[in-house]
Every structure is written in structure tokens, then in C-alpha cells.
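Read-outs: derived from the displayed coordinates by stated rules, not from any lab. Bear in mind that the values here come from a model prediction, so they are computed numbers and not experimental data. All Cβ positions, even for glycine, are placed from backbone atoms using ideal geometry, and neighbour counts span all protein chains on display.
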Amino acid sequence: MPQQANQPLPAGYVLNGYRIEKPLSSGGFSIVYLARDDKDTPYAIKEYLPSSLPLRTEGVEVHIADDANLAVFRHGLKCFFEEGRALAMISHPNVVRVENFFRANETCYMVMQYVRGRTLQFHIQRNRHEFTEAFIRRIFIHLMNGLREVHARKLLHLDIKPANIFIAMEGRPVLLDFGAARITLSEEAMKLKPMYTAGFAAPEHYRFHPDELGPWSDIYSVGATMYTCIGGTPPQAGDSREEKDRMIPLRTLARLHYSADLYDIVESCLAVDRMKRPQTAFDLQKRLMDEPPEEKRGFLDTINTPLSKLFSR
């Protein structure tokens, strides 16, 4: 994702009653700030500010001199505002809560719940040795509850990855950073390049054909995220897999023991052909909730088994 080249809002600036503390992250479409209200409640505020357009070199106002850029900016602004309005209607423990959205400084802002915890990416880097099959199934079963709610609102996330999944302090997974996903669904905004992360984006995401995108596109990203949880590295980029699929089999990357069923689930999510993936978040959730079939035991597995148990089978 391209780095944000525009000047962020300064620390201490009061934005519609929220005091900006510092930028938390920046990317292709936005800057996210930590801010507090007059009761000292923390919030994450996302400012629509595409990095591909020179918008703010100083001060707080957004300025666009080029008419062509103005048309692109306004289209993206409309998408961002509509998405904020749609997300504000979602109240789900596994989706970041949008508390408010408003226009200011010639752009648009989305005020979101500030979730305390760490990203899944952090845990993959620090604690992957603790990623048991039970842990992975639990995290993604709950995450699918949130994704089902998003898809029910006719929204797509289109940037699911470990950095956009937060593990709250109590262990609850929360889907973050929808970016400006609706922009990628419109051919009017070709100048605003589609937002994706190599390794996590579905092959159809690269082609910029809105009619190919659907819940199955987010399912691919979920599969890539589970692959990374187990293997420690993302799979081969989706566009290059279409040319020549060299994705490393997950079984060769795993450090712990996982069932063949879990490997099969991840591989089905990562099917290059979108029609061969689970088609909905509910389909994937059902597979994750099924108890994996008992693995066949080989001779070496029986060495430490008491003889009385072996003969009683």
C-alpha cells in the first residue's frame, strides 16, 4: 500500500469536538488518528485523504487545483461518506464500531471505536508458536460472524489481512479498516487505484472488474490470513498465481500439527477459481465449526500407548 504523502493534522488540533493526539497509520486512501473527546474517551478517526492526490502540504484544509483531480476526489469522498453511513448501522462485537462521521476541512471523517489490544499481525510475529488449531478455528469462527454482518449490508471489505484484524484484550477478534472499499467497485475512479495487499488480495481484485468481486473475494483474503497464521508468511500473490501457481503447500510451512481438514479449508479458500471457494462467510464458518475427522494413527503413534488399550480396540 502506498505511503501517505499528505501532511497530517497537527497534534492538539480540535476537529469537531475531538482533540487529535497523533497519527496511528496512513495508507492509500486515508490517515487514521488517535483522538479524544471532551470526556477523554479515545477514538480512532479516519480522514479521507488519497495519497495519489496532492491535497495538503500545510495547514488543515484540503485544496485541489486540478479539475480532473477534483472530480476523482469528489467521487471517492462520496464513496467514503456512504460507507461510513453504512458501517454506522452495524453494531457487532467483531466489527469495529463507527460512532460518527462528518464533513470538515473540505474532506470527510469517520469516528471509530478505539479497540485496545494488538493486531493479528503482531501475534503472528511474536506468538505464532502458540497458534494451535483450536485457537485458529475459534478466532476465525468469531470473525466470520462479523464478516457475515458486513456482507449482509451489501458491503465488501476487500483488504482483510492480519494487520486489519485486531485481537482485543479479552481475546475478541475485531475486523478493522474497511478503507474506501466501495471505490474499488466503481470504474469511475480508475485514477484511485484499487486498494489491495499482495498475497492477501484475490486474483480478481487485481483485474478491477467490479462484476467479479463478491463475498468470495473476502473469503480468499481470509484464507490467506489463515495461511499466514499457520505458515508465518503470506501465500504467493494472487495475480501471479493465475499465471503460474507456485504457492508453497501449507503443510511444508507449518511448525505445529494441524488436521488435514484445516489444511483443506485453507486451500479451498485460496482457490484461484473464485467459484471453487466457499461462496459465503457462513459456508466457511460452518466448515470451521465442524470437528475435524480423527487422523489415522500410524505405528509410531502407538509406541507409547499401553498394550491393554491397543488390544481393546
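For the pair Leu256 and Arg118, a Förster radius of 22 Å applied to the C-beta separation gives a FRET efficiency near 0.60, rounded to the nearest 0.05. Of the residues Tyr206, Tyr109, Tyr13, the one that moves most in a GNM of the chain with alpha-carbon contacts below 10 Å is Tyr13. Label-to-label distance for His92 and Asp273 is 2.9 nm, based on points extended 7 Å past Cα in the beta-carbon direction.
Here the stretch 117-289 is assigned +1 on the Cβ of each Lys and Arg and -1 on the Cβ of each Asp and Glu. Its dipole about the Cα centre then comes out at about 420 debye. When the charge dipole of the stretch 14-113 is built from unit charges on Cβ atoms (+1 for Lys and Arg, -1 for Asp and Glu) and taken about the Cα centre, the candidate among Gly59, Ala71, Ala88 whose Cα reaches farthest toward its positive end is Ala88.
Highest average first, the peptides 65-73, 39-47 ordered by how many other beta carbon atoms sit within 10 Å of their residues are 39-47, 65-73. Here the stretch 217-274 and the stretch 61-85 have alpha carbon centers that stand 36 Å from each other. Simple point charges give the picture: +1 on the Cβ of Lys and Arg, -1 on the Cβ of Asp and Glu, and for the chain a dipole about the Cα centre of about 780 debye.
Taking every lysine pair in the stretch 117-289 that is 8 or more places apart or spans two chains, those with Cα atoms closer than 30 Å amount to 14.
Using only Cα atoms and rounding to the nearest 10 degrees, what angle (0 to 90) does helix 260-269 make with the longest principal axis of the chain? Result, in degrees: 30. The H on the amide N of Phe101, modeled in the peptide plane, is under 5 Å from the matching H of Val111, each at least 5 residues off or on a different chain. Across the chain, C-alpha contacts under 8 Å between residues 6 or more apart give a mean separation that, scaled by the residue count, equals a relative contact order of 14 percent. For the stretch 195-284, applying the loop criterion from DSSP together with a ceiling of 15 other beta carbons within 10 Å to the trypsin sites (Lys or Arg not before Pro) yields Lys244, Arg246, Arg255. Rounded to the nearest whole angstrom, the semi-axes of the ellipsoid equivalent to the chain, taken from the Cα gyration tensor as √(5λ), stand at 40, 22, 16, largest first. Its Cα centre serving as origin, the stretch 1-108 has a Cβ charge dipole (Lys and Arg +1, Asp and Glu -1) of approximately 240 debye. Taking label points 7 Å from Cα along the Cα-to-Cβ direction, Arg138 and Lys39 give a separation of 3.2 nm. If you plug the beta carbon distance of Ala152 and Asp211 into 1/(1 + (r/R0)^6) with R0 = 22 Å, you get a FRET efficiency near 0.65. Between His129 and Glu99, the contour length at 0.36 nm per residue exceeds the alpha carbon distance by 7.2 nm.
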